[in-house]
1. Work through the residues other than Asp117 whose Cβ is under 13 Å from its Cβ and net out their charges, Lys, Arg +1 and Asp, Glu -1.
2. Between Glu120 and Glu82, 0.36 nm times their residue separation minus their Cα-Cα distance comes to what?
3. Cα convex hull of the range 122-170: how many Å³ per residue?
4. Give me the number: length gained by fully extending Ala146 to Leu188, i.e. 0.36 nm times residue separation minus the C-alpha to C-alpha distance, one decimal in nm.
5. Can you show me the helix-derived [θ] at 222 nm for the chain, built from DSSP H runs with n ≥ 4 at -39,500 (n - 2.57) apiece and divided by the number of residues, rounded to the nearest 500.
6. Run the numbers on the chain and let me know its relative contact order in percent, using alpha-carbon pairs under 8 Å that are six or more apart.
7. May I ask for the net charge around Met49, where only other residues with Cβ less than 13 Å from the Cβ of Met49 are counted and Lys, Arg are +1 while Asp, Glu are -1?
8. List the pair-distance distribution P(r) of the range 1-144, using every Cα-Cα distance, as the percent of pairs falling in each 5 Å bin from 0 up to the bin containing the longest distance, rounded to whole percents.
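All of the numbers you see were taken from the coordinates with simple rules; none came from a lab. Not measured: the values here are computed from a predicted model. Cβ sites come from the backbone with ideal geometry, for glycine too, and all protein chains shown count toward neighbours.
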Amino acid sequence: MAARSGVLASGAIIKQNELEILLSGLSGFQKPRPELEQWSTPGDVAAKMVLLAIGDVEGKIVCDLGAGTGILSAACALAGAERVLSVEADSGACETMRRNFKSLGISGEIHNCDVSDFCEPADTVLMNPPFGAQRAARHLDRVFLAKAFSLAPVVYSLHLAGTRNFIRGFSESVGFRDSVLGTFRFPLPASFEFHKKPRKTVEVDYHRIWR
Ligand code: SAH
């Protein structure tokens, strides 16, 4: 995927490797909870995601649903978002997120609640939601997408490559258009169960969905 830098309206340039270094130093989940599909986006992927979305991030109100320990929220703040709204159900993850923001000297607005209870509109949603693949988290991917569509006209989101057609159909059924900006190969934590053979890596599509 091509994003190497983002040119901010201020004229400053944020380089991918600078973002990666800052993001890779952040703390992840202390004790990941598989039923919430807790698993952090790697720093290099988070940097690429935000730079590919720079026109919808810089100077915008960006919402990160299922923000975890805040790596995508932090990436948006570092890339010049005007406000970042971070929504996360797990209070332990919110604590880590608070510390991560402090360590970078950035301000974020942390909402410790279920995504279903969050209703503040935004310009853009940028998220790595649960894949909805684990038994206890079944269909959470569509709960997150439906919430994102109700909050913002532009949504950037990661989904298992195997669900590409489903995500397109789901988006189009509510009047959104969908394009896949690229595909990442991710290491998966051992705590994730899959029905077929155990997987160590997984292919994940990066979607831009808009109306
Ligand atoms: N976005 C983060 C974390 C991804 S893991 C990152 O990219 O690193 C998915 C996150 O969604 C977890 O932190 C999990 O606790 C959170 N989550 C799962 N169900 C949720 C719900 N119903 N409401 C809010 N957050 C939820």
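1. Details: positive: Lys147; negative: Glu88, Asp114, Glu120.
Neighbour charge sum, excluding Asp117 itself: -2.
2. On the way: separation 38, 0.36 × 38 = 13.68 nm, distance 1.49 nm.
Here the segment from Glu120 to Glu82 would lengthen by 12.2 nm.
3. On the way: hull volume 3.4 nm³, N = 49.
Per-residue hull volume (Cα only) is 69 Å³.
4. On the way: separation 42, 0.36 × 42 = 15.12 nm, distance 2.51 nm.
The span from Ala146 to Leu188 would gain 12.6 nm if fully extended.
5. Details: 6 runs with 62 residues, N = 211.
Using -39500 (n - 2.57) per qualifying helix, the result is -8500 deg cm²/dmol.
6. Details: 427 pairs, mean separation 36.1, N = 211.
Result for the chain is 17 percent.
7. Values: positive: Lys48, Arg208; negative: Glu20, Asp44, Asp56, Asp64, Asp205.
Around Met49, the surrounding residues sum to -3.
8. 2, 11, 21, 24, 21, 13, 7, 2, 0, 0
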